[in-house]
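Single-structure report; data block below.
The values are calculated or read from the model by the stated rules, or taken from the named source; none is laboratory data. Please read these numbers as outputs of a predicted model, since none were measured by experiment. Heads up, the Cβs are rebuilt from the backbone with ideal geometry, glycines too, and the neighbour counts pull from every protein chain shown.
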């Protein structure tokens, strides 16, 4: 029960790594709030998950929706002990085929959305709380077609450094979880055809020393480590869980 009596918020907690983490956090004693982005995903999550978690609709790219989210959290829970800023989008496209809308979509969610998810949470984060930021191994590794996505995740890594320098570690600890190739629904949303997805997956798998994709559940255990007192002397760090993909 490493999170007993803690209140944890997981953005984008309705699927993939976020949902796996929500389940683990609950098993470890936390009260868990998860967000879903759209009306459709919220309704689906509410129907499937509301008996386990507090499900709230919030698109992190819209600051007004973050304001509503945190007003609800303050009224219902009084504050937060753990924040997993997990919501994000991943779209791959060659630079020659990228346009302003493609760029803005990812930066508005992955950078602006995450920044204000944390900034607006600060008044609610209790002393000794933890913040985990979901980034990616491609924040430091070049991958063809990932120029925009990689840049958004490099910004996330930078935020953790700056916030650790700015905010006393005794008050809030900031750390980054950087997954490598993981089996999650996000890959089906990358805008590729079925054949392109198959080729992408095979290419990724062949370059991972572990010779497989990781699982959302494996990422959840790393998020738990960073969220609880087991990592009490770790701050401003980037913990890479990638099967060796970006390490060799």
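Note on the stretch 25-53: residues that are farther than 14 Å from residue 83 by Cβ and surrounded by fewer than 21 Cβ atoms within 10 Å (Cβ to Cβ) amount to 18. Those strands (runs of 3 or more DSSP E) of the stretch 14-95 in which at least 1 residues are touching a residue at least 12 places away in the same chain (Cβ under 8 Å) and under 22 Å from residue 179 (Cβ atoms), considering only elements entirely within it, cover 31-36, 80-85.
Here is a yes/no grid of residues against (1) crowded, with 23+ Cβ neighbours inside 10 Å; (2) touching a helix residue (DSSP H, G or I) at 6+ places or on another chain (Cβ under 9 Å):
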| site | (1), (2) |
| --- | --- |
| 57 | no, yes |
| 68 | no, no |
| 76 | no, no |
| 84 | yes, yes |
| 94 | no, yes |
| 113 | yes, yes |
| 117 | yes, yes |
| 124 | no, yes |
| 129 | no, no |
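Against the condition more than 13 Å from residue 88 (Cβ to Cβ), modelled with pLDDT of 95 or more and crowded, with 20+ Cβ neighbours inside 10 Å, how does residue 147 come out, does it pass? In short, no. State which residue is modelled with the highest pLDDT when the search covers only the stretch 189-248 and only residues that are on the phi > 0 side of the Ramachandran plot and surrounded by 13 or more Cβ atoms within 10 Å (Cβ to Cβ). So, considering only residues that are on the phi > 0 side of the Ramachandran plot and surrounded by 13 or more Cβ atoms within 10 Å (Cβ to Cβ), the one modelled with the highest pLDDT is 236. Restricting the first member to the stretch 155-167 and to residues that are on the phi > 0 side of the Ramachandran plot and buried (at least 20 other Cβ atoms within 10 Å of the Cβ), and the second to residues that are at pLDDT 95 or above and not in a helix (DSSP H, G or I), no beta-carbon pair is closer than 8 Å while six or more apart or on different chains. In the stretch 1-13, which residues are within 21 Å of residue 113 (Cα to Cα) and not in a strand (DSSP E or B)? Hits for the stretch 1-13 are 11, 12, 13. The condition of being in a helix (DSSP H, G or I), farther than 30 Å from residue 199 by Cβ and over 12 Å from the mean Cα position of the chain (by Cα) does not hold for residue 102. Considering the conditions (1) in contact with a helix residue (DSSP H, G or I) (Cβ under 7 Å, 6 or more places away or on another chain); (2) in a helix (DSSP H, G or I); (3) at pLDDT below 95, residue 157 is excluded by exactly one of them, (3). When you look at residue 105, is it out of contact with any helix residue (DSSP H, G or I) (no Cβ under 6 Å at 6 or more places or on another chain) and within 22 Å of residue 219 (Cβ to Cβ), yes or no? Spelling it out, it is not the case that residue 105 is out of contact with any helix residue (DSSP H, G or I) (no Cβ under 6 Å at 6 or more places or on another chain) and within 22 Å of residue 219 (Cβ to Cβ).
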